[in-house]
1. About the Cα centre, and with charges only on the beta carbon of Lys, Arg (+1) and Asp, Glu (-1), how big is the dipole of region A:45-184? Nearest 20 debye, please.
2. May I ask you to sort A:Ile90, A:Ile120 by Cβ crowding, counting other Cβ atoms within 10 Å and putting the fewest first?
3. Eigenvalues of the Cα gyration tensor times 5, then square-rooted: what semi-axes does that give for chain B, in whole angstrom, largest first?
4. To the nearest whole percent, what portion of all C-alpha pairs in chain A is separated by more than 28 angstrom?
5. Would you list B:Ile85, B:Ile319 from fewest to most Cβ contacts within 10 Å?
6. Using the Cα atoms of the protein assembly as shown, I'd like the radius of gyration and the largest Cα-Cα distance, Dmax, both in angstrom.
7. Peptide A:108-118: average number of partner chain Cβ atoms within 10 Å per residue?
8. Sketch the reach of a paramagnetic label on B:Glu230 as a point 7 Å from Cα along Cα-to-Cβ, and name the residues of region B:259-282 whose backbone nitrogen lies under 14 Å away.
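Computed from the coordinates by the stated procedures, all read-outs in this text should not be read as laboratory data. Since this is a predicted model, take the numbers as computed values, not measurements. Methodologically, a virtual Cβ is constructed for each residue, glycine included, from the backbone with ideal geometry; neighbour enumeration extends over all protein chains shown.
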Amino acid sequence: MVQRGELVKRRGLDWLQALIDVRVFEQQLVELHEQGSAVLGAVHLCIGQEAVAVGVAGDLAPGDQITVSHRGHGLMLARGLDPERMYAEIFGRATGYCGGKGGSMHIACPELGVAGANGIVGGGIPMALGLARAASQRGTDNVGVAIFGDGAANTGNLYETMNLAAVWRAPLILVCENNGYTEFTPARDVTAGPGIYTRAAGFGIPGVVADGEDVVDVNLAMAAALRRARAGDGPTLIECRTTRWRGHHEGDERYAGVYREAPDTSGDPIDRLTHELDQLGLDGSGERAAAQTRARTRLRNARDAALAAPEPELETAFTGVFVG
Amino acid sequence: MTEVEPAVASTANRLCPAMADAIAQEMRADERVVIWGEDIRTGVMSTTRGLHAEFGDDRVVDTPISEAGFLGAALGAAMNGLRPIVDIMYTSFTYVAFDQLVNQIGRAQYMTGGQVSAPVTVIAAAGACGFAAQHSECSHPMLMNAGGLKVLFPSNSHQAFWLTRAALRSDDPVLVLYQPSLASARGEVGPHPLGIGDVQVESHGSDVSIFAIGLMAARARRAAKQLAAEGIGAEVVDVCTLAPLPIAALTDSLRRTGRAVVVDEARLSCSAASEISATLAEHAFDALKAPIVRVAVQNVPIPYAPSLESHVIPSEADIVDAVRRVAA
């Protein structure tokens with residue numbers, strides 16, 4: 001068992017930077033939205049949930065493939081995608097990862113291990129199973145990971161996938177990012193049972209719950225699931241409990257107070273890690289300020305470059321449906 | 001448009017066994033090819049018979065009845081180095097997995113700006129088979145409209161073998177459909193390859209073109225022989241590639257005859273017959289000597305009783321009648 005303190009000493013500062021990168025990346029989108037910028041389509045932000053992204057991605061190897069939800073910027077950044085090309089995709093520019101054909105909800109970069117994001121809630125879960133199956137059939141020890149929300153946990157895709165993954169002992173990790181809301185509805189109003197993680201028991205696979213506002217706890221749960229998957233022992237379901245600070249998408253402020261309460265930001269994953277670093281004598285507060293400055297500079301440049309990037313050639317709308 | 005090279009032709013002499021032979025040949029040649037589906041080890045649908053004995057559990061995989069799950073998994077596997085075939089039994093069953101088939105598999109290439117390809121082949125029976133409406137769908141018009149799927153519909157052993165091979169060698173998602181009552185239809189696999197984009201033309205004259213699909217093509221070939229005996233020369237265009245629609249091959253035939261009957265086992269509204277008719281009118285209106293006639297199923301689900309089922313599906317006599325009207 002890895003000692004938490006040792007882990008934080010070894011990796012805490014990197015994680016702090018990674019958490020802040022995700023936060024700042026998205027804050028710049030909020031800024032654009034507040035300025036009334038027309039460059040944004042539907043954007044679903046994971047502000048407050050950064051620990052899930054950074055904790056899940058922390059121990060993934062090159063060649064591991066993940067599928068993410070519509071709220072996936074954090075995972076993409078944590079996997080190492082280029083912020084400028086992500087912004088460009090969100091702004092519908094030619095230089096975006098998908099040439100402007102995907103947008104925020106569909107950024108993909110299989111080369112860096114992000115097989116796809118999904119506009120369909122739960123749509124990417126079976127895909128991750130296939131990624132896992134192919135990885136083991138090709139004789140690698142790579143894994144597939146599906147990251148999805150509490151809403152997706154109520155789709156049949158999860159149960160079809162858990163069953164088949166258990167039968168196949170597939171190297172698959174199912175990460176449910178339970179942020180308390182399924183779109184515009186409190187998750188508790190539409191979700192039965194004592195916890196989503198308990199649903200794994202019916203398939204004879206481990207189901208664990210992690211504190212989704214604690215990057216260390218998420219990472220430890222993920223590390224255990226990865227060991228199990230790489231050893232050929234099959235899938236794991238991890239429920240990360242976290243808090244969505246923003247609306248379902250930017251622009252739904254008018255519903256604030258209607259379907260959702262003011263978010264409880266007391267579990268801020270950045271505050272918590274900073275505090276822990278301080279306690280360990282690693283000057284979390286000072287490092288946080290420095291990390292914030294680095295992130296702002298780097299990501300402002302990335303955003304501005306993406307805003308200046310060209311629109312896609314109109315002809316591309318009619319190409320690329322098929323390979324041949 | 002032929003994409004395949006000549007190869008050792010199959011000795012299979014029935015439609016589905018010809019598909020099974022094409023699959024077996026590809027599986028021998030390429031270990032990335034795997035096949036998943038319900039009851040495929042036993043080969044309930046004769047498209048998979050014999051595969052498990054030769055290729056074993058890792059590559060010939062019986063799935064639970066989880067169409068969305070295994071179709072989605074096929075996409076992931078295709079993205080990660082395998083070339084999966086999914087036998088989904090009936091196109092009717094794609095409806096429970098339409099998101100995975102249309103929205104995921106069919107969009108992967110386009111939405112990722114070409115970063116991802118989805119070499120998934122889906123095999124399914126399409127059309128009436130005595131099992132009532134929930135098994136009898138001819139879903140090819142919906143699939144043609146999906147926008148990211150190629151749709152093939154062989155009606156004989158020759159087409160079945162070569163088009164299945166073409167599908168397996170394609171880097172795109174391709175559906176290979178067959179009419180279940182033709183599954184055991186006898187016929188040789190000839191040496192001349194067919195590829196995606198091809199149609200098969202059988203000419204008995206130049207009075208009228210009959211464009212037909214699947215079982216309707218088999219019936220049209222018989223109707224053409226009957227019409228020839230009456231002195232009406234029909235050219236049967238078996239539209240075994242439905243998407244992308246091979247427009248030039250269709251209009252070429254119309255320009256030879258000037259008259260068109262289009263026969264489809266789908267419901268008339270938005271059928272493949274409708275699409276083919278509109279395409280002919282748009283691209284070769286000047287060649288038309290008479291209005292185009294569509295022969296398809298009225299807008300009802302397929303009934304169970306054999307008497308009712310055969311009443312709603314276009315028959316050889318319906319095709320003959322339509323041709324006589326057009327040729328008059």
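1. For region A:45-184, the charge dipole is close to 300 debye.
2. Numbers: A:Ile90 27, A:Ile120 17.
Fewest to most other Cβ atoms nearby, the residues stand as A:Ile120, A:Ile90.
3. Equivalent-ellipsoid dimensions as semi-axes: 32, 20, 20 Å.
4. 39
5. Ranked by crowding around the Cβ, least crowded first: B:Ile319, B:Ile85.
6. Cα-based Rg and Dmax for the protein assembly as shown come out at 27.7, 99 Å.
7. Details: counts 7, 3, 5, 1, 0, 0, 1, 8, 10, 2, 4.
Counting Cβ atoms of other protein chains within 10 Å of each residue's Cβ and averaging gives 4.
8. Under 14 Å, as judged by backbone N against the label point of B:Glu230, lie B:261 of region B:259-282.
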